[in-house]
Amino acid sequence: MRTRYSEMPAYVTKDGSEIRELMHPDTQPVRRQSLAEAIVQPGQTTRLHRHAHAEELYHVTAGSGLMTLGEQRFAVAVGDTVLIAAGTAHCIAATGSGPLTILCCCSPAYADADTELL
């Protein structure tokens, strides 16, 4: 199974980031996880939220940001990967002059119903 980036529509998710689902069980035969690209525009911050069931990995592919992960806050840049355990409050701010682009892997797959805004 393969997808083409140009054929994946972008949408804004509950946390306010622009998301493009690259692989998701709703549209592809993947069963236990999802992979998406998230874009946060310069000066913007996603809404603080948590997922009751999903564990996430964020991998920064462009830009720089400030990650809030539970009680921690730390800078992230290209090449950094962050583990977000299920139930952990988190958000991210784009601090550079260009968009912050992140690959997001969720297991189980991302679901709006699993997203609690804080």
How many of the residues in segment 10-30 are under 17 Å from H90 (Cα atoms) and touching a helix residue (DSSP H, G or I) at 6+ places or on another chain (Cβ under 9 Å)? 2
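Mind checking which residues of segment 63-78 are surrounded by fewer than 14 Cβ atoms within 10 Å (Cβ to Cβ) and touching a strand residue (DSSP E or B) at 6+ places or on another chain (Cβ under 7 Å)?
Hits for segment 63-78 are R73, F74, A75, A77, V78.
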Given A36, A75, which one is closer than 16 Å to L103 by Cα and either at pLDDT 95 or above or not acidic (D, E) (or both)? A36
Examine segment 79-86 for a residue that is outside any strand (DSSP E or B), surrounded by 13 or more Cβ atoms within 10 Å (Cβ to Cβ), hydrophobic (A, V, I, L, M, F, W, C) and more than 10 Å from the chain's Cα centre (by Cα), and state whether such a residue exists. yes
Report whether or not E56 is on the phi < 0 side of the Ramachandran plot and out of contact with any helix residue (DSSP H, G or I) (no Cβ under 9 Å at 6 or more places or on another chain). yes
Of the residues in segment 87-118, how many are exposed (fewer than 12 other Cβ atoms within 10 Å of the Cβ) and of a type in the set (D, E, K, R)? 1
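Conditions (1) over 20 Å from Y5 (Cβ atoms); (2) in a strand (DSSP E or B); (3) of a type in the set (F, W, Y), marked per residue:
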residue: E37; (1), (2), (3): no, yes, no
residue: R47; (1), (2), (3): yes, no, no
residue: Y58; (1), (2), (3): no, yes, yes
residue: S97; (1), (2), (3): yes, no, no
In the list A52, A38, which residue meets the criterion of being of a type in the set (A, V, I, L, M) and surrounded by 18 or more Cβ atoms within 10 Å (Cβ to Cβ)? A38
Name the residues in segment 60-78 that are hydrophobic (A, V, I, L, M, F, W, C) and in a strand (DSSP E or B), would you? V60, A62, L66, M67, L69, F74, A75, V76, A77
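The values are calculated or read from the model by the stated rules, or taken from the named source; none is laboratory data. Values in this document were obtained by computation on a predicted structure and should not be read as measured data. Positions of Cβ are generated from backbone atoms using ideal geometry, with glycine treated the same way; all protein chains shown enter the neighbour counts.
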